[in-house]
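Nothing in this text is a laboratory measurement; each read-out follows from the coordinates by a stated rule. Since we're looking at a predicted model, the values are computed, not measured. No Cβ is skipped: glycine too gets one built from the backbone with ideal geometry, and neighbour counts run over all protein chains shown.
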Amino acid sequence: MTDIAIHTQGLSKHFAQRIALESIDLSVPRGCAFGFLGPNGAGKTTLIRMLLGLAEPTSGTMRLLGHDLPSGRAEALSRVGAIVEEPRFHGHLTGRENLHVHAAARDRAAHDRVDGALHRVGLGRRGDDRVKGYSLGMRQRLGIARCLLCDPELLILDEPVNGLDPAGILEFRGIIRSLVDEGRTVWLSSHLLDEVQKTCDVAAIVDNGRIVAQGTIAELTGGGVRNIDVVASTPARAAALALQMRDVVRTAQHDGALRIDFLPEAPPTPEMVTALLRRLLDGGIEIASVAPVTHSLEERFLDMTTRLEDRS
Amino acid sequence: MFDLRLIRAEVLKLRRRRGLMVATAIFTVGAVAIYYAIVALLHLADPGANGAAGGLHGFDATIGLLSLTGAVAGVLVGATAGGADIEAGVFRDLAATGRSRSALFFARVPGAWAILVPAVVAAVGLSAGVALLLEGPGSLTAAAAGQGLAASLVAALLLSAASVGLAALSSGRGMVIGIVLAFQLGLSPILAEIGAIGDLRYAIPAVANARIGGEIADEMALVVAILVVLAWAAVTLGAGLWRTRTQEI
């Protein structure tokens, strides 16, 4: 069994003159929560649709759970549960009946998993209600239950927390982590950066149909701390002393503190910070506080992706 | 190609539509019951002016009615079976299971027929029962009953299969219901009466169905009528299958 759940190479999709995806090279390791980030219209759903055989690529290759696509699509998809865009159901059927309808397209054991799937997502008591009476959150949970019918190795979830309230998001996050803990791979496509940062281990950022970055969340957020904020009694003198250090490249005032930037290849180690503070204290400067500065995925995302107004 | 679990799922989706089930019952058993009730009441009111409801005459009259109303039921059920998954947005999720789209498509036809066949058989059975029970011109024979059943089934099942295909082709049922009913109930009778189109009128499904029901036997061979019906089913189902297999969803 390969360690890679999804692998694409040179994958492209063109709609007439419009390029939806261009030369996508992507590797998703097994057994992790993978975040697929991108602004609206970046091509996230298009990629999912190609992986699931709902749309054909213009060029490139795909492998899913070790099977080449499209030749091994049936085998691969038999262990993939997916929600594409919002989960849709027959409103006149109950949640349980909808799951049985879906199970009919799966292996025979899928019918036996219906009750367990409903309970797992917290719909055990509402499973016999008609879906047209469900809230969006309940439909999302029923969508997850539908994914579980095939005992999936891989779950592909497209914007799964859309419409969920904070409690629902928290509960959803727990479900995702528990699925990953069971050894399943979860693909989480989202434009909600905070959600991906809190839920996923690995992520890729797509913009204008191209992958602009991929790696662990720590790698994407800049590999950890590169700056520290120091609140000092005489900031100007503190800045001058800090700049005398070999690995410090820049200082600037930032929200009442002195932000000290280190070389990208030399992030501040405890020894470096200790040396910096000793130099400042020896220079007669009083230090009120020292705090590391971490970059959020949101900052990195905005750095890398095109804003709407820049596209025109 | 035909998977019993998929067919059962189709039946479940149709059976749970209360309005559709009521309409199917009305257009099959209900139509026969209403016909006999009206004719029997008229006969009771004025036996001199209105003949008795039963016998072969009554049976033939209800079969003629069923070829219209049963076709309506067939269109409603077939179009719903053919378009419901796409309209509800569920077809994408079913296709994403890796299951062959052809298998998903072909399960709809027997699914629709599983609803229609009992309804049509019950309607013909009711008609035959009343025809035997009540007095009327002519006696109902087993051969006539069988021919009536065949004609009623062909009308309902052909149009339901065609509607499955056309609903899949158009990704919806509303327009298909309108177009097929307009063709069957409005355009077909007019075309059948236009002499200028010559033998082309035998290609009209309603004309072929009339032949299967025992009419125009001197004009059209039964085997030709059956081939016409099969050709219509093949063309419409083929179009729906092509769309189902090739569309990006």
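General remarks:
- Cross-link reach list, lysines versus A:Lys132, counting only Cα pairs under 29 Å and skipping chain neighbours closer than eight places: A:Lys44, B:Lys13
- Residue of A:Ala76, A:Ala218, A:Ala242 that the Gaussian network model of chain A assigns the largest fluctuation, springs spanning Cα pairs under 10 Å: A:Ala242
- Peptide-level mean, for A:84-93, of C-beta atoms on other protein chains within 10 Å: 5
- Estimated dipole of region B:66-166 in Debye, rounded to 20 [Cβ of Lys and Arg +1, of Asp and Glu -1, Cα centre]: 300 debye
- Shielding score for A:142-152, defined as the mean number of other chain Cβ atoms within 10 Å: 1
- Averaging 1/r over every pair of different alpha carbons in region B:53-191 and inverting the result gives a Kirkwood radius of 16.0 Å.
- Proxy reagent accessibility, fewest Cβ within 10 Å first, across A:Glu219, A:Glu153: A:Glu219, A:Glu153
- One chain, two ends: A:Arg246 and A:Asp68. Fully extended at 0.36 nm per residue, the span grows by 58.9 nm beyond their Cα-Cα distance.
- Within-13-Å neighbourhood charge of B:Ile86 [Cβ basis; K, R +1; D, E -1]: +3
- Dipole axis of region B:144-249 (+1 Lys, Arg; -1 Asp, Glu on Cβ), positive-most option in B:Gly195, B:Val154, B:Ile249: B:Ile249
- Percent of beta bridges antiparallel (DSSP, the protein assembly as shown, rounded to nearest 5): 70 percent
- Leading residue at positive end of dipole, chain A (Cβ point charges), from A:Leu37, A:Cys147, A:Gln244: A:Cys147
- The coefficient of translational diffusion for region B:1-89, derived via Stokes-Einstein from the alpha carbon Kirkwood radius under 20 °C and 1.002 mPa s, stands at 140 µm²/s.
- Each other residue within a Cβ distance under 11 Å of A:Ala275 adds +1 if Lys or Arg and -1 if Asp or Glu, for a net charge of 0.
- Long-range Cα-Cα pairs in the protein assembly as shown (distance over 45 Å), rounded percent: 38 percent
- When each of the peptides A:265-271, B:119-125 is scored by the mean number of other C-beta atoms lying within 10 Å of its residues, the order from highest to lowest reads B:119-125, A:265-271.
- Exposure proxy shown here: for A:Cys147, A:Cys32, the number of other Cβ atoms within 10 Å sets the order, fewest to most, as A:Cys32, A:Cys147.
- The calculated FRET efficiency for the pair A:Glu219 and B:Arg18, based on their C-beta separation and a Förster distance of 45 Å, comes to about 0.20.
- Proximal charge balance of A:His7 [Cβ under 13 Å; K/R count +1, D/E count -1]: -1
- Built amide H within the under 5 Å cut-off of A:Ile83, gap 5+: A:Ile156, A:Leu157, A:Asp158
- Pair B:Ala192, A:Ala275: separation of 7 Å Cα→Cβ label points (nm): 9.9 nm
- Taking the C-alpha atoms of region A:8-145, convex hull volume expressed per residue in Å³: 136 Å³
- Cα-only radius of gyration and Dmax that characterise region B:95-152, units Å: 18.2, 59
- Each residue in A:Met245, A:Met62 was given a count of other beta-carbon atoms within 10 angstrom of its own, and listing them fewest first yields A:Met245, A:Met62.
- On the basis of the beta-carbon distance and an R0 of 30 Å, B:Val224 and A:Glu56 show a calculated FRET efficiency of 0.15.
- Region A:129-275: antiparallel DSSP beta bridges as a percent of all, rounded to 5: 75 percent
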